[in-house]
Amino acid sequence: MNEAKTNLATLLSGDDPAARRRAAEDLAESSGFAPIAALAAALRDENKGVRDAASRSLSQIGSKNVARAVVEYLGDANITTRNLAAELLMQLKDESVEALLPYMYDPDPNVRKFVVDILGVNGSHQAVAHLIELLKDQDENVVISAVEALGNVKSEASVPALIKVFDEIGYASATAAEAVGKIGGVKATDFLLSKLNLLIADPNADPLVLYALLEALSIVGYDRAYAELLGHISRVKGKLRRILLHAIIRIAERCAITLNDVAAIRADLIDALSDGDRTIQMSAAKGLANLEGDDVTTALANALGKSEELDALLVPLLEYRPGVFVLAVHGLESRQIKPTKEIVSLIARLVSHIEYTTLPQEFMDGTSNLLQRGFDLVKEAWGDANEETRAAIVDTLFRLDGDQAVEVLDVIRNDSDPWLRMHIIELLLPLEDRRIPEFIARFLDDEDEMVREMASSSLEARGISFGTADVN
């Protein structure tokens, strides 16, 4: 008890920040209201270490009393204190709801909005009735936050109130559509679809509201929504058309609907691959996945390099499509495609599937030799590559031309840095090529003992023991 009192006194009035910090840490084992109040007050301490220690201790105690002590600091003049209080209340989740409810009606709209945001993050259904009440607030920011919070809580009981907001509060219509989409359910989906069918024919409709309706339907729409959205394609243009296609593809993917009608919109999907929105690009690629044709292959190949996530989708789609190797080499040469790990790995796979009889003769001979150009482009990527990409580079070089790959690695083998020499041996470990054991054997005479040991271990892992077996 005396120790707790000493910590309280030190935390509240000690001159040494280090001592205040230690006191805040020690009070984490206390649960009385006095230590909690002192720790809450320490959120305003001038020293960051003390504030952080107090916050950690309050989080460890974690109770309704902590919420009651902290909530008053949501209106503090210092933004750091406000944020620390908010973080704690979000961590407490349902334990903080009772303390937060009275502050939903605070005279300061900034405090009301802050509280609503916290309740939305916490996802507590206890606050739904109060959040619905705040949909009538005089402050637009509070109303928008209340709509977003109801969407995050995902209470179907709030759908009628959100529908009313959509119909009656113009500035909140798009946000209400997003919230209804998050909540989902047949009633929500039918509402979204009915509003879209009504507004999509209106030339004066707010594009943001249409975008929000389509995005929401892409999340919760079912087979009826899929069919009706397909019917709207010819009625819209530009960005809205791309978002409509995105919604159609997402619904089809989620509901396992076969894209029987997708061929009719191939040109639109190809166009959507150039959109600046990654999610629209991804949906366009999925829509094109089962369509044949050089136009589709070229569009998919040209989309490589836009993002790692898109590349991860495109690479398996492109692996068995004819003509991709040529397109990949041209893309690397023009710098339209970056030599990422995914792209380099794709080239390695493509080499295995090349139908040499279909390649134009000029790609096989002289300075236009396509394989040589591919080899040189992959080799050039080594300097700026990370660890994973370098592993892919080594594998791809051996697939393109094993003899040249050995020549390239031999240059690195003579590098003065033993760690780089060891790195080469490590990269070769998972690869299977008749030339690799012979190449690794060259490191057995390396001046560095660790390099020699790694080379020997690598060869032994391949079942080769020098003195008793030949690597050739």
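So the values come out like this:
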{"quantity": "Some residue of the stretch 146-154 being crowded, with 18+ Cβ neighbours inside 10 Å and more than 23 Å from Asn110 (Cβ to Cβ)", "calculated": "no"}
{"quantity": "Elements of type helices (runs of 4 or more DSSP H) contained in the stretch 243-353, each with 1 or more residues being in contact (Cβ under 8 Å) with a residue 40 or more places away in the chain", "calculated": "278-288, 324-333, 341-353"}
{"quantity": "Where a residue in the stretch 11-33 is within 15 Å of Ser55 (Cα to Cα) and in a loop (DSSP other than H, G, I, E, B) and its partner, wherever it lies, is among the small types (Gly, Ala, Ser) and modelled with pLDDT under 80, with Cβ under 9 Å and at least six apart", "calculated": "Ser30/Ala4"}
{"quantity": "Boolean, Ala212 is surrounded by fewer than 20 Cβ atoms within 10 Å (Cβ to Cβ), over 13 Å from Val159 (Cβ atoms) and at pLDDT 85 or above", "calculated": "no"}
{"quantity": "Test result for Arg68, closer than 16 Å to Leu43 by Cα, surrounded by 16 or more Cβ atoms within 10 Å (Cβ to Cβ) and among the basic types (Lys, Arg)", "calculated": "yes"}
{"quantity": "Total residues in the stretch 12-36, condition within 42 Å of the chain's Cα centre (by Cα) and modelled with pLDDT under 80", "calculated": "2"}
{"quantity": "Pairs where the first residue, in the stretch 453-465, is under 15 Å from Leu427 (Cβ atoms) and without any contact (Cβ under 8 Å) to a residue 60 or more places away in the chain and the second is among the aromatic types (Phe, Trp, Tyr) and surrounded by 11 or more Cβ atoms within 10 Å (Cβ to Cβ), C-beta under 6 Å, 6+ apart", "calculated": "Ala455/Phe443"}
{"quantity": "Test: residue in the stretch 438-445 that is aliphatic (A, V, I, L, M), touching a helix residue (DSSP H, G or I) at 6+ places or on another chain (Cβ under 8 Å), at pLDDT below 85 and closer than 30 Å to Val329 by Cβ", "calculated": "no"}
{"quantity": "Those residues of the stretch 191-214 which are of a type in the set (Asp, Glu) and within 30 Å of the chain's Cα centre (by Cα), in sequence order", "calculated": "Asp206"}
{"quantity": "Residue in the stretch 287-301 that is touching a Lys or Arg at 6+ places or on another chain (Cβ under 9 Å), buried (at least 18 other Cβ atoms within 10 Å of the Cβ), charged (D, E, K, R) and on the phi < 0 side of the Ramachandran plot present", "calculated": "no"}
{"quantity": "Helices (runs of 4 or more DSSP H) wholly inside the stretch 43-159 that include at least 3 residues being farther than 20 Å from Thr175 by Cα", "calculated": "48-61, 64-70, 79-92, 97-100"}
{"quantity": "The stretch 171-205: number of residues that are part of a helix (DSSP H, G or I), hydrophobic (A, V, I, L, M, F, W, C) and over 18 Å from Val143 (Cα atoms)", "calculated": "8"}
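The values are calculated or read from the model by the stated rules, or taken from the named source; none is laboratory data. Nothing here was measured: the structure is a model prediction, and the numbers come from that model. For neighbour counting, all protein chains shown are included, and Cβ atoms are generated from backbone atoms with ideal geometry for every residue, glycine included.
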